[in-house]
Amino acid sequence: MIRFERLQRARMSNLIRSLSFFTCLCIAAPAVAQFATQPAPAPQAPAAAKPVTETTVSESREGSNNQKDWHFVGHVEMDRGADTKIYADDVMLYTGTNQAVATGNVVFAQGDNRISAEHAEFDTETRLGTFYNAWGLSTVKPPKPQAPRPGQIAMPTPVGQETVVYFFGEKIEKIGPKKFRITNGGFSTCVQPTPRWDLNAGTVLLNMDHYTLLKNAVLRVKGVPMFYLPLMYYPTKKEDRATGILIPTYGSSSLRGQSIHNAFFWAINRSQDATFLYDWYSKTGTGVGSEYRYNLGTGDGNIRAYLDDQHAATYTADNGTQTTTDASRSYEIRGGANQVLPGNIRARANINYFSSIVTSQTFNTNIYDSSRNQRSFGGNLVGAWGKYSMNATLDHTEYFTSLTDSVVSGSWPRLAFSRNERPIVANSPVYFSASTEFLQTLRTTNTTTTDAATGVSTPTSLDTGLSRLDFAPQIRYPFKKWQWFTVNSTVSWRETYYTRSYEPTGNPLITPSKVIDSGLNRQIFTIQSQITGPVFNKVWDTPENTYAEKFKHSIEPVMTVMRTSAVDNIDRIVKLDGVDQYIGGTQLTYGLNNRFYAKRKLAPGQQAQSREIFDVEVSQSYYTNQNASQYDLQYQTTLGAVVESHFSPIAVNFRAIPMDTINATIRAEYDSRYLKLRTISAQGTYQWNTQVQLSGGWSKRGYIEELPQFDDCRMVHAPFICLPASLDHAINFQSNIHTKDNKVGSVYSFNFDVLHSALIQQRVSAFYNAQCCGLAVEYQTYNYGAASTSPIPADHRFFLSFTLAGLGNFSPFNGALSGVPR
């Protein structure tokens, strides 16, 4: 995600603009000073002499040319008013020509701002002047927050975020009301005796509230020149965002070689901005990208696009084998939008699309993006009017099973209209609701077959999409007379029509698989009751306990009974989602929930509150129709299972939140027939004062020799060694640790494949932010694996970025240095 240092940019802009305090010279009205000393009586001035309007203190003074010219000598202090003073060893004031010359330890002070020079010449009328061998310090406060829009929270004015700028030059010329030229000079936001960095240029043109232009600019860090630019442009606007070039990022990769990432930020207006990126890779070519963002109050959105233009590259393995990749050009587009429309309608759109899965998986540094094998785009319209609501969706998703084979799915479109649940009559305990939906589904399988003899590849597509019209009214009666025992009963009827169906095989042992243009109507009735209780509670008073003053244990037996009428031609229905998963028969889901509560004070001095600290849920289902076990969406391991059963796996869920900083969940499914674990996963997070953030996860898919989809394996090393192919066992970990002021910190993550004893990726980032500059580095090792098409087995990546106060920076499009505060 591209990130900009807007507040620091504003500080830099205001710091440079603060040089305009040179205008203090301009308020020096041509006049003769009043002296703290008692000079000799001055000669009678002619009528042309101008009145005295300021107070000047000096050791001596001398008037000449009919008191038009005045010479102040020794510790001259000119009080110009408006918190502005001028100090010098010697000042010549020529009231006739509106000229002033100050020499020797010249100091101009205006509030917290200071500028020192050996020599200064200025015009008291035109407000223009020149300072020689000058340097200064200027303190600039952050910009005041803008007035909030209606309904927004007004942000307080930042405190303690002032920035000090150090500027210098052989000659500083004020050539306009808000325009300055610095010759052989520069600036820095480091005010140490030896600045950590400074920007030098032969000529610096400062145009306040507009731009700053540097010619022959050199960035020096600790006195060492880092890079040279013949021309450098950056903004000095007073807004919190301004157009300009951002600080580049350096990178190195085994796959792409050395790289330079740079970007240009365009502040279009208060509600819109755009960023244009350019990447250069020494081994593979170049890439260009852009991002556009907007926020118009009633809607916001962003879109990012990147074009990767790669030329052919050759790689040499450790054994001397060379691999040459072909030249290619690919693109990637990501974005989303959210907009309120008239008529109480909200529109949403999203896109996450790439043209080459190979480039997508080798280009991105984020483990989620690099392992992603699907692309999608779509949109949605949602509206609500009283008890009625509408939802219209377009969704196109393509899932790649290999580099050439994929499955396209989605809704094109899905239109749903519903009457929300309301009492049948006023004050009635019985509720009625109804919904209808039209769906045009996308279902296309793309495969490529290669002839072994000729090597010719032939792509084929199989379209199994269809249209579906569904209508489902429902009546619900909740029994809640007793808090310890509740029953929620529903009666529903569903009528569904399909434009296509599976072709019958004529053999009940053979599952239909060919979709034909033959319509099918399905009608079902469902009766369901959800029963909770009786609930048993036990409360312990623990006033002396330091964690909580009360504890509560609640045991909740739960049971759901659902009876579905017989479904004719169930094998001919093309199953798309939960609407099509109804199987005739009775289903009984039973379980036991254990919940533990603690009444504790979340903060000192607050009233104690009761909250759930952890719970354990155990559940299982029984089906009178064994076929229903293959379509129960409550369980992760039953969908598509080959073996039918009267019983589902046993599901166990555990969740613990003992405090706001700790969160842990565990889910497991246990095969009740073979008494073996099917799957288990665990996740946990820990956070301490926003300075330490830790999270980790563990997942494992078990091996059950007697159960299809859990017993498949591939032979390795020898025929007698079998390694399960579809099984998995993995660990992941992420950490983000930094000081309270974000001065020093580190981000670390890894993904480890326990089953194959392979480290998938390891990534570490570190940063150091000083008063006026910072440094961020990142190193990552990514193992592509044997099935990857990458020309190298692993990629080692390194990225380096500098931060200078007031100059914006960014994260490259591939996600490097993301999550690092700069």
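For region 290-312, how many residues are among the acidic types (Asp, Glu), surrounded by fewer than 18 Cβ atoms within 10 Å (Cβ to Cβ) and in contact with a Ser or Thr (Cβ under 7 Å, 6 or more places away or on another chain)? Quick ask: steps written out before the conclusion?
Of all residues in region 290-312, those among the acidic types (Asp, Glu) come to 291, 300, 308-309.
Subset that is surrounded by fewer than 18 Cβ atoms within 10 Å (Cβ to Cβ): 300, 309.
When the remaining residues are screened for being in contact with a Ser or Thr (Cβ under 7 Å, 6 or more places away or on another chain), the result is 309.
Residues meeting the conditions: 1.
Could you list all residues from region 328-344 that are among the small types (Gly, Ala, Ser) and within 30 Å of SER360 (Cβ to Cβ)?
Of everything in region 328-344, those that are among the small types (Gly, Ala, Ser) and within 30 Å of SER360 (Cβ to Cβ) turn out to be SER328, SER330, GLY335, GLY336, ALA337.
Taking SER461 and the conditions (1) in a loop (DSSP other than H, G, I, E, B); (2) open to solvent by 60 Å² or more (accessible area, probe 1.4 Å), which numbered condition does it fall short on, given that it satisfies the others?
Only one criterion in (1) in a loop (DSSP other than H, G, I, E, B); (2) open to solvent by 60 Å² or more (accessible area, probe 1.4 Å) is unmet by SER461, namely (1).
Would you check which residues across region 375-400 are open to solvent by 50 Å² or more (accessible area, probe 1.4 Å) and basic (Lys, Arg) and list them?
The answer is LYS387, and nothing else.
So for region 255-266 (the condition being exposed (fewer than 15 other Cβ atoms within 10 Å of the Cβ), charged (D, E, K, R) and either closer than 22 Å to MET226 by Cα or touching a residue at least 12 places away in the same chain (Cβ under 8 Å) (or both)), does at least one residue qualify?
no
Of all residues in region 99-120 being among the small types (Gly, Ala, Ser) and under 11 Å from GLY136 (Cα atoms), which is modelled with the highest pLDDT?
Narrowing region 99-120 to residues among the small types (Gly, Ala, Ser): 100, 102, 104, 109, 111, 116-117, 120.
Now narrow it down to the ones that are under 11 Å from GLY136 (Cα atoms): 109, 116-117.
Working: ALA109: 81, SER116: 90, ALA117: 93.
Residue satisfying both the conditions and the ranking: ALA117.
Hey, could you check region 249-274 for residues that are part of a strand (DSSP E or B) and of a type in the set (Ser, Thr, Tyr) and say which is nearest to THR314 (Cα to Cα)? Please lay out each step first, then the result.
Going through region 249-274, the residues part of a strand (DSSP E or B) turn out to be 249-253, 257-269, 272-274.
From the residues that got through so far, the ones that are of a type in the set (Ser, Thr, Tyr) too are 249-250, 252-253, 259.
Working: THR249: 25, TYR250: 22, SER252: 17, SER253: 14, SER259: 17 Å.
Restricting to residues being part of a strand (DSSP E or B) and of a type in the set (Ser, Thr, Tyr), the top hit is SER253.
With the requirement that a residue be at pLDDT 95 or above and outside any strand (DSSP E or B), what does region 491-509 give you?
Answer for region 491-509, where residues must be at pLDDT 95 or above and outside any strand (DSSP E or B): THR499, ARG500.
Given the residues THR321, THR286, which is the only one that is open to solvent by 30 Å² or more (accessible area, probe 1.4 Å), hydroxyl-bearing (Ser, Thr, Tyr) and farther than 23 Å from GLY815 by Cα? If you could, list the steps in order and put the result at the bottom.
Values: THR286 fails: farther than 23 Å from GLY815 by Cα.
Result: THR321 is the single residue among THR321, THR286 that is open to solvent by 30 Å² or more (accessible area, probe 1.4 Å), hydroxyl-bearing (Ser, Thr, Tyr) and farther than 23 Å from GLY815 by Cα.
Tell me, which strands (runs of 3 or more DSSP E) wholly within region 710-822 include 1 or more residues that are modelled with pLDDT under 90? Give the steps one after another, and end with the answer.
Values: elements: 713-716, 718-724, 729-738, 744-753, 758-769, 773-783, 794-804.
Strands (runs of 3 or more DSSP E) meeting the threshold: 713-716, 718-724, 758-769, 773-783, 794-804.
Being surrounded by fewer than 16 Cβ atoms within 10 Å (Cβ to Cβ), at pLDDT 90 or above, over 22 Å from SER621 (Cβ atoms) and not β-branched (Val, Ile, Thr) is the requirement here; does ASN488 meet it?
Numbers: surrounded by fewer than 16 Cβ atoms within 10 Å (Cβ to Cβ): yes; at pLDDT 90 or above: yes; over 22 Å from SER621 (Cβ atoms): no; not β-branched (Val, Ile, Thr): yes.
No.
Could you tell me whether ALA434 is of a type in the set (A, V, I, L, M) and in a strand (DSSP E or B)?
Taking the combined requirement at face value, the residue satisfies it.
Here is a yes/no grid of residues against (1) open to solvent by less than 10 Å² (accessible area, probe 1.4 Å); (2) within 51 Å of the chain's Cα centre (by Cα); (3) more than 24 Å from PHE167 (Cβ to Cβ):
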site	(1), (2), (3)
VAL73	no, no, yes
MET92	no, no, yes
ALA100	yes, no, no
VAL106	yes, yes, no
GLU118	no, yes, no
THR124	yes, no, no
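Against the definition (in contact with a Phe, Trp or Tyr (Cβ under 9 Å, 6 or more places away or on another chain), in a loop (DSSP other than H, G, I, E, B) and either buried (at least 17 other Cβ atoms within 10 Å of the Cβ) or not acidic (Asp, Glu) (or both)), how does PRO512 come out, yes or no?
Values: in contact with a Phe, Trp or Tyr (Cβ under 9 Å, 6 or more places away or on another chain): yes; in a loop (DSSP other than H, G, I, E, B): yes; either buried (at least 17 other Cβ atoms within 10 Å of the Cβ) or not acidic (Asp, Glu) (or both): yes.
Yes; evaluated as a whole, the condition is true for this residue.
Consider region 166-188. How many of its residues are open to solvent by 10 Å² or more (accessible area, probe 1.4 Å), touching an Asp or Glu at 6+ places or on another chain (Cβ under 7 Å) and in a strand (DSSP E or B)?
So the answer is 3.
Tell me which residues, restricted to region 355-374, are buried (at least 17 other Cβ atoms within 10 Å of the Cβ) and over 19 Å from the mean Cα position of the chain (by Cα).
Hits for region 355-374 are SER356, ILE357, THR359, GLN361, THR362.
Which of the following residues is closer than 16 Å to ASP632 by Cβ, among the small types (Gly, Ala, Ser) and either loosely packed, with under 15 Cβ neighbours inside 10 Å or in contact (Cβ under 8 Å) with a residue 24 or more places away in the chain (or both): GLY584, GLY519?
Working: GLY519 fails: closer than 16 Å to ASP632 by Cβ.
Step by step, each of GLY584, GLY519 is checked, and only GLY584 is closer than 16 Å to ASP632 by Cβ, among the small types (Gly, Ala, Ser) and either loosely packed, with under 15 Cβ neighbours inside 10 Å or in contact (Cβ under 8 Å) with a residue 24 or more places away in the chain (or both).
So that you can scan it fast, the table gives a plain yes or no per residue for (1) free of Cβ contacts under 8 Å to residues at least 40 places away in the same chain; (2) surrounded by 17 or more Cβ atoms within 10 Å (Cβ to Cβ):
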{"site": "THR436", "(1), (2)": "yes, no"}
{"site": "THR444", "(1), (2)": "yes, no"}
{"site": "ASP451", "(1), (2)": "yes, no"}
{"site": "SER467", "(1), (2)": "yes, no"}
{"site": "ASP470", "(1), (2)": "no, yes"}
{"site": "TYR477", "(1), (2)": "no, no"}
{"site": "TRP482", "(1), (2)": "no, no"}
{"site": "ARG494", "(1), (2)": "no, yes"}
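Being closer than 26 Å to GLU421 by Cβ, touching a strand residue (DSSP E or B) at 6+ places or on another chain (Cβ under 6 Å) and at pLDDT 95 or above: is that true of ILE531 here?
Details: closer than 26 Å to GLU421 by Cβ: yes; touching a strand residue (DSSP E or B) at 6+ places or on another chain (Cβ under 6 Å): yes; at pLDDT 95 or above: yes.
Answer is yes for this residue.
Scan region 583-638 for residues that are among the small types (Gly, Ala, Ser) and within 30 Å of SER672 (Cβ to Cβ) and report the count. Reasoning before the result, please.
First pass over region 583-638, keeping only residues among the small types (Gly, Ala, Ser): 584-585, 591, 598, 603, 605, 608, 610, 619, 621, 628-629.
Going one step further and asking which of them are within 30 Å of SER672 (Cβ to Cβ), we end up with 584-585, 591, 619, 621, 628-629.
The qualifying residues number 7.
Taking region 606-636, which residues are touching a His at 6+ places or on another chain (Cβ under 8 Å) and either among the charged types (D, E, K, R) or surrounded by 15 or more Cβ atoms within 10 Å (Cβ to Cβ) (or both)?
Our first condition is that a residue be touching a His at 6+ places or on another chain (Cβ under 8 Å); within region 606-636, this holds for 622-624, 626, 629.
Hits for region 606-636 are TYR622, TYR623, SER629.
For region 595-604, indicate whether the set of residues that are open to solvent by 50 Å² or more (accessible area, probe 1.4 Å), in contact with a strand residue (DSSP E or B) (Cβ under 7 Å, 6 or more places away or on another chain) and under 18 Å from THR560 (Cβ atoms) is non-empty. Don't jump to the end; show me each part of the working.
Of the residues in region 595-604, the ones open to solvent by 50 Å² or more (accessible area, probe 1.4 Å) are 596-597, 599, 601-602, 604.
Cutting the leftovers down to in contact with a strand residue (DSSP E or B) (Cβ under 7 Å, 6 or more places away or on another chain) gives us 596-597, 599, 602.
Imposing the further condition that a residue be under 18 Å from THR560 (Cβ atoms) reduces the set to none.
Within region 595-604 (the criterion being open to solvent by 50 Å² or more (accessible area, probe 1.4 Å), in contact with a strand residue (DSSP E or B) (Cβ under 7 Å, 6 or more places away or on another chain) and under 18 Å from THR560 (Cβ atoms)), the answer is no, since none of the residues qualifies.
The values are calculated or read from the model by the stated rules, or taken from the named source; none is laboratory data. From a predicted model like this one, the values you see are computed outputs, not experimental measurements. FYI the Cβ positions are ideal-geometry reconstructions off the backbone, even for glycines, and counts take in every protein chain you see. Heads up: the accessible areas ignore ligands, DNA and RNA and are worked out on the full protein's heavy atoms, side chains in. Shrake-Rupley method; radii C 1.70, N 1.55, O 1.52, S 1.80 Å.
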